[in-house]
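Heads up, the thing below is written out as structure tokens.
The values are calculated or read from the model by the stated rules, or taken from the named source; none is laboratory data. What you are looking at is a predicted structure, and each value in this text was computed from that prediction instead of being measured. So basically every Cβ, Gly included, is an ideal-geometry build from the backbone, and we count neighbours across all protein chains shown. What goes into the accessible areas is simple: the full protein's heavy atoms, side chains included, and nothing from ligands, DNA or RNA. Shrake-Rupley method; radii C 1.70, N 1.55, O 1.52, S 1.80 Å.
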Amino acid sequence: MIQLALVLEFDAVAARRFDAIYSTPDVVAQRSWTRGALALGPGEAVLDIGSGPGFLAAEMAAEVGPSGRISGIDISETMIGIARERWAKSGLATQVDFQLGDATKLPFPDATFDAVVSIQVYEYVTDLYAALAEVKRVLRPGGRVLIVDTDWDSVVWHGADPTLTARILKAWEEHLVHAHLPRSLTGRLERGGFTVTVRDAHVVLNPAYAENTYSHGMIGLIKGFVPGRHGITSHEADNWAEELRSAGEADGYFFSLNRYLFLAVKPGAQTATRT
């Protein structure tokens, strides 16, 4: 099961906030890095686990072309609705499909996909070995899986009171199952029968306070989540956000976060779906 559904409620307001975060240059750059490592080709069938508002699916669809196929699953009905709405307007809806789905019970037959991608999802999955077994099942022999997740100890966030920031970030970790997943992901993949071929890191860097950034969007999400956890009050969360804003006005703001990428291959003959 995915813990995220129990902790962060994806109502319409929250989903639109995530949609805005995914539109920032920071996350656009992350998707470009992701797609570069995945190296899709025409005609490939791809599964996006945790497809969210559908930005990555749209970009991958352009790479696999009209002979390819993108399938996206998500646990949030609101996110699925946003993704379907975006694709309905694109005129390319026949190439992509979105449906509700659980990472530990993928709603697809065996050996369906050439590639599986999952961005910022497995840190929320309680039974990670079941999730990886499902990926292996739906991949064709020689297919690849690309996973990106965060080690939340990599966060550097300067501008507010350091002690308060540390308490708030510790409270934020309560929305996660695996706050430091990249440290153990190579071993988990290998024990799951995959061969890890690529490991890489991407830095989300916001050296200044600005609205169209990843960290600015996260301030609102975190501020709304942490009250009542680890002794954080709503007043403290509001003060933290205000201190960060004030630090930005005084050129005293800095944010950095590491994302880690793992590319692994299912044993077997290389697929021959590309045209």
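Taking every DSSP bridge with both residues inside the chain, close to 55 percent are antiparallel. Could you calculate the FRET efficiency of LYS105 with GLU249 from 1/(1 + (r/R0)^6), where r is the beta carbon distance between them and R0 is 45 Å, rounded to 0.05? Efficiency computed from Cβ-Cβ geometry: 0.40. Taking only alpha carbon atoms, the chain gives an Rg to Rh ratio of 0.98, where Rh is the Kirkwood radius.
Structure remark: mean-square fluctuation, Gaussian network model of the chain, C-alpha springs under 10 Å; the largest value among VAL265, VAL203, VAL125 belongs to VAL203.
Please state the shape class of the stretch 25-125: rounded when a/c is under 1.5, otherwise prolate if a/b exceeds b/c and oblate if not, all from the C-alpha gyration tensor. Rounded shape, in that the Cα axes give a/c under 1.5. Relative to the longest principal axis of the Cα atoms of the chain, the long axis of helix 214-225 makes an angle of roughly 70 degrees. Helix-only arithmetic for the chain: the sum of -39500 (n - 2.57) across DSSP H runs with n ≥ 4, divided by the residue total, places the mean residue ellipticity at 222 nm at -12500 deg cm²/dmol. Magnitude of the charge dipole for the chain, about its Cα centre and with charges confined to Cβ atoms of Lys, Arg (+1) and Asp, Glu (-1), is about 960 debye.
Got a number for carbon plus sulfur as a percent of the chain's accessible area, 1.4 Å probe?
Values: 6430 of 11650 Å².
After summing per-atom areas, the C and S share lands at 55 percent.
Dividing the convex hull volume of the Cα atoms of the stretch 90-201 by its residue count, what figure in Å³ per residue is obtained? Walk me through the intermediate numbers first.
Details: hull volume 16.9 nm³, N = 112.
Taking the convex hull of the Cα positions in the stretch 90-201, it is 150 Å³ per residue.
Out of every Cα-Cα pair in the stretch 49-105, what percent are more than 18 Å apart?
For the stretch 49-105, the fraction of Cα-Cα distances above 18 Å is 24 percent.
Excluding same-chain pairs closer than 8 in sequence, count the lysine pairs in the chain whose Cα atoms lie under 23 Å apart. Within the chain, the lysine pair count is 4. Considering only the Cα atoms of the stretch 205-259, their convex hull presents on average a projected area of 4.1 nm².
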